Amino acid sequence: MPTSLSDDIPGGSRACWIEAPGRAVIRAAAVPAAAAGQVQVRALHSAVSRGTEMLVFRGEVPKSEFQRMRAPFQEGDFPAPVKYGYASVGVVEVGPESLKGRYVFCLHPHQTRYVVPVDAVHVLPDGLPPARAVLAANMETAVNALWDAAPRVGDRVAVVGGGVVGLLVAWLAGRMPGCTVELVDVRASRRTVAEALGVGFATPRDATPDADLVVHASGDPQGLVTALKLAAFEASVIEMSWYGTRDVPLPLGEAFHSRRLTLRSSQVGHVATAQRARWDRRRRMALALSLLRDPVLDVLITDSAPFDKLPVVLERLSSGALDTLCQRIDYP
């Protein structure tokens, strides 16, 4: 496919497209000049979602979810060709004077330059470096999950799954007074990251039982089985993983009923029910960005690569790369 620059905006634009399941390319992007009420953004960084974006890359979005799972500013349709992604950080080149030169976050696919409505960008707060702001979508998901989970002061909390979202949930819960938080993951290497974030760590074999609250974010059905086993009497298990087209068998014939457990989903597409009357998505994103000012969160960004290598990066992540937490993409 052609990769020459577009002539529609100064400097042109290029975007990453999933051409077919398991294959991505860089294409020239047609982007009009910014009109009134719009901004032109030059991307500095973006991040690859290890969960949803990998399911999209592999063509594992169920037909029933083709419309609900569309990302803002997505082009094309599932399964492919499709331009997908939702973690872009850039600088405003054209727009209102109050925004020119400001660093912003936008739920936009991987693209070097783009034009969006003014209200689609979120100005980074002072003290938040653009390179760390790629975690904004993950933090927003973690915030919403904690709202859904509603931990109480002094709760024993288990978070099963040490990906970026699980680690952020553990970090947030660990800042609540009296809460004891244990990250549970099959990879012993996650212990170092958990300790850096100030939370405990255990493998499934050694995890502490009888948790007051369990959050599952591993993306693996076996992780959900572990989460159910760790839950105490009448505890809640919050399911954050999305499995796409995969079936998820569960041992509901064991202690699920006798322990009167609650299994509940959490998904970032809607503001959590308890907050919805007062919070909208923009206020929620502002909170997520403010929470990212803590430099300890840099430990979550383990890999970086230039934009031109993104198709190869997607293939690598799809085939495993278990040591990678947040994969950042850097733009020229």
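Some observations on this one:
- Considering residues of the range 317-332 that are aliphatic (A, V, I, L, M) and in contact with a strand residue (DSSP E or B) (Cβ under 9 Å, 6 or more places away or on another chain) only, the residue surrounded by the fewest Cβ atoms within 10 Å (Cβ to Cβ): Ala321
- Residue satisfying all of: in the range 196-228; among the charged types (D, E, K, R) and touching a strand residue (DSSP E or B) at 6+ places or on another chain (Cβ under 7 Å); surrounded by the most Cβ atoms within 10 Å (Cβ to Cβ) among these: Asp212
- Within the range 181-209, tally of residues that are more than 22 Å from the chain's Cα centre (by Cα), within 19 Å of Leu250 (Cα to Cα) and of a type in the set (D, E, K, R): 1
- Only one of the numbered conditions (1) of a type in the set (Val, Ile, Thr); (2) surrounded by fewer than 19 Cβ atoms within 10 Å (Cβ to Cβ); (3) touching a helix residue (DSSP H, G or I) at 6+ places or on another chain (Cβ under 8 Å) is not met by Thr192, and that is (3).
- Residue check, Glu234 more than 19 Å from Ala136 (Cα to Cα) and surrounded by 12 or more Cβ atoms within 10 Å (Cβ to Cβ): no
- Filtered by the rule that a residue be more than 17 Å from Gly101 (Cβ to Cβ) and touching a helix residue (DSSP H, G or I) at 6+ places or on another chain (Cβ under 9 Å), the range 30-48 gives Gly37, Ser46, Ala47, Val48.
- Cβ-Cβ under 9 Å pairs, at least 6 apart or on other chains, the range 171-186 side free of Cβ contacts under 8 Å to residues at least 40 places away in the same chain, far side surrounded by fewer than 17 Cβ atoms within 10 Å (Cβ to Cβ) and assigned to a helix (DSSP H, G or I): Leu183/Arg191; Asp185/Arg191; Val186/Gln222
- Those residues of the range 279-332 which are polar (S, T, N, Q) and either within 20 Å of Gly90 (Cα to Cα) or part of a strand (DSSP E or B) (or both), in sequence order: Ser290, Thr302, Ser304, Gln327
- When Gly12, Gly85 are screened for being over 19 Å from the mean Cα position of the chain (by Cα) and not hydrophobic (A, V, I, L, M, F, W, C), only Gly12 passes.
- Residues of the range 216-232 that turn out to be outside any helix (DSSP H, G or I), under 19 Å from Pro251 (Cβ atoms) and in contact with a Ser or Thr (Cβ under 9 Å, 6 or more places away or on another chain), as a count: 5
- Ala145 passes every criterion in (1) part of a loop (DSSP other than H, G, I, E, B); (2) within 14 Å of the chain's Cα centre (by Cα); (3) closer than 14 Å to Leu287 by Cα apart from (1).
- In the set Leu289, Leu310, only one residue is outside the structural domain of Val25 (by TED's automatic domain parsing), closer than 30 Å to Gly12 by Cβ and among the hydrophobic types (A, V, I, L, M, F, W, C); that residue is Leu289.
- Condition check for Ala35: part of a loop (DSSP other than H, G, I, E, B), farther than 28 Å from Ala217 by Cβ, out of contact with any Lys or Arg (no Cβ under 7 Å at 6 or more places or on another chain) and at pLDDT 95 or above: yes
- Taking the range 266-294 as the range and being out of contact with any His (no Cβ under 8 Å at 6 or more places or on another chain), more than 20 Å from Tyr86 (Cα to Cα), surrounded by 11 or more Cβ atoms within 10 Å (Cβ to Cβ) and free of Cβ contacts under 8 Å to residues at least 60 places away in the same chain as the test, the residues that pass are Trp279, Asp294.
- Residue in the range 34-43 that is buried (at least 22 other Cβ atoms within 10 Å of the Cβ) and more than 22 Å from Leu128 (Cα to Cα) present: no
The values are calculated or read from the model by the stated rules, or taken from the named source; none is laboratory data. Treat the numbers as computed from the prediction; the structure is a model and nothing was measured. All Cβ positions, glycine included, derive from the backbone under ideal geometry; neighbour counts span all protein chains shown.
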